[in-house]
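Structure first, commentary second.
The values are calculated or read from the model by the stated rules, or taken from the named source; none is laboratory data. Keep in mind that this is a model prediction, so the values were computed, not measured. Cβ sites come from the backbone with ideal geometry, for glycine too, and all protein chains shown count toward neighbours. Heavy atoms of the whole protein, side chains included, go into the accessibility calculation; ligands, DNA and RNA do not. Shrake-Rupley method; radii C 1.70, N 1.55, O 1.52, S 1.80 Å.
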Amino acid sequence: MNMKVILTAKETGDRFSEKEPVSFSGRRASTHIQLDPEKKFQEMLGFGGAFTEAAAHSLSLISPEKREEIIHRYFDPAEGIGYRFGRTHINSCDFSLGNYTYVEDVDTSLKSFSIDREKKLVIPLIQEAMEVAGKELSILASPWSPPAWMKTNGEMNNGGKLLPEFQSVWADYYSKYIEAMEKEGIGIWGLTIQNEPEAKQVWDSCLYTGEEERDFIKNHLGPSLEKHGHGDVKVIIWDHNRDVIHERAKAVLSDPEAAKYVWGTGVHWYVSEEFENLSKVHHDFPDKHLIFTEGCIEGGVRPGAWDTGERYGRNIIGDLNNYLEAWIDWNMVLNEEGGPNHVGNYCDAPVIVDTVNDDVRYNSSYYYIGHFSKYIKVGARRIGCQISNDSVSATSFENPDGEIVVIVMNANDHEEEISLACGEGNFNTTLPLHSIATFMIR
């Protein structure tokens, strides 16, 4: 049995650094991790990030060489961190250059439907990423708001609800989008019903209760997708925070007529780190799936910050250990102020580009995500992983080729000695303070 070690650490300068294999001995450290490959859980579908208009616009303002480098560092399976998923927006979102839709006002026939806006920035970026990945990506599409004329408040921003008389038209809108993207060579893997259906935001937003989401799927969206030949597209509910994910999933999935159209439940990380709520959904609805659909660092860019990466690490481990099957970051790239964002809701991203000086910065979050996405392969199965105390956090998977992958994070202000056991004997090593390590065992 041999082990490969990849390390990223705050103080040592290590970034995806391959280290000397750790020693094998019978000694057990006070922080001990026991693996059980016989105990198997969910299968991993992959990792990814969001193709927003803001990300695509930011990349359009830097040199072609820097743009190509970033895309490769995300999607190249050998040189990059192996992204296989992407998320994009149906109509505009806050990380667009402004509000927009795909139809003319009050066009209930949808004859004017056109995604020409996306052909300028978003679609070329997706196409380039697919080329670098060497295969079709799994693209998840989410609406932030229907057109203003379909809503109770008459605008795309500030919440409002979908008017009952336009539910069928809105359901058909999703199919129009799927077909338009397919014409550009981009298959839509999945759809969420609504981004953050419980949040009245100053940007593009629309409110649904769990019962309204249930009825829209059961009576409109599900039948419309089947009628138009898109019944294989994965329908994902909720697409919001962990705090009430169980209640919201139950509202839809307890109804067999709605549940038959639903693939799974989407989750964001804002407000709550109650990871155990994902397990509640899994145990009540074990035939349905769980996917992380959005998370980011709010409040603008955080140059050089390390806690941002640790937030990613903590959340990914917490979700994976509670049956999550796919993980999608929010904006892959933003500009020097954390935008563009048409309402000034600036955020951080794993990659920040200085569009003035043509410079690229890879944040700690990029490396923390990569410790999972680069090494946990599509089709990997989570295996048993018991830690003797809470000094570190960890998750473990068995790749399809039999390789065991263990990701361990030390968020402490001091180094941590650990031992790792898979079978007889222990691997012993010391994790530097504020570090994350991926161990690969064959």
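Assorted remarks:
- Condition met for residue 29 (modelled with pLDDT of 95 or more, out of contact with any helix residue (DSSP H, G or I) (no Cβ under 9 Å at 6 or more places or on another chain) and surrounded by 17 or more Cβ atoms within 10 Å (Cβ to Cβ)): no
- Count of region 133-178 residues, restricted to those that are of a type outside the set (Gly, Ala, Ser), over 24 Å from residue 98 (Cα atoms) and in contact with a strand residue (DSSP E or B) (Cβ under 9 Å, 6 or more places away or on another chain), is 2.
- Cβ pairs under 7 Å, 6+ apart, first in region 63-85 and over 9 Å from residue 133 (Cα atoms), second outside any helix (DSSP H, G or I) and among the basic types (Lys, Arg): 81/374
- The set of residues in region 268-287 being outside any helix (DSSP H, G or I) and surrounded by 21 or more Cβ atoms within 10 Å (Cβ to Cβ) consists of 268, 269.
- Within region 254-267, the set of residues being out of contact with any Leu (no Cβ under 8 Å at 6 or more places or on another chain), surrounded by fewer than 23 Cβ atoms within 10 Å (Cβ to Cβ) and either closer than 13 Å to residue 193 by Cα or not basic (Lys, Arg) (or both) comprises 254, 255, 256, 257, 263.
- Screening residue 174 against (1) touching a residue at least 60 places away in the same chain (Cβ under 8 Å); (2) at positive phi; (3) not β-branched (Val, Ile, Thr) leaves a single unmet condition, (2).
- When the residues of region 288-321 are filtered to those that are among the polar types (S, T, N, Q) and open to solvent by less than 20 Å² (accessible area, probe 1.4 Å), the one that is farthest from residue 410 (Cα to Cα) is 293.
- Selection from region 347-404 of residues that are within 18 Å of residue 80 (Cβ to Cβ) and of a type in the set (D, E, K, R): 361, 374, 377
- Within region 322-381, strands (runs of 3 or more DSSP E) holding 2 or more residues that are open to solvent by less than 10 Å² (accessible area, probe 1.4 Å): 326-331, 333-335, 351-354
- Of the residues making up region 386-442, just one is free of Cβ contacts under 8 Å to residues at least 12 places away in the same chain and closer than 22 Å to residue 315 by Cβ, namely 390.
- Restricting region 382-404 to residues that are over 22 Å from the mean Cα position of the chain (by Cα) and closer than 13 Å to residue 32 by Cα, the residue that is most open to solvent (accessible area, probe 1.4 Å): 390
- From the options 372, 397, 427, residue that is assigned by the TED database to the domain that holds residue 22 and under 26 Å from residue 137 (Cβ atoms): 397
- On inspection, residue 290 qualifies as assigned to a strand (DSSP E or B) and under 23 Å from residue 252 (Cα atoms).
- Tallying residues that are touching a Leu at 6+ places or on another chain (Cβ under 8 Å) and surrounded by fewer than 22 Cβ atoms within 10 Å (Cβ to Cβ) within region 405-416 yields 5.
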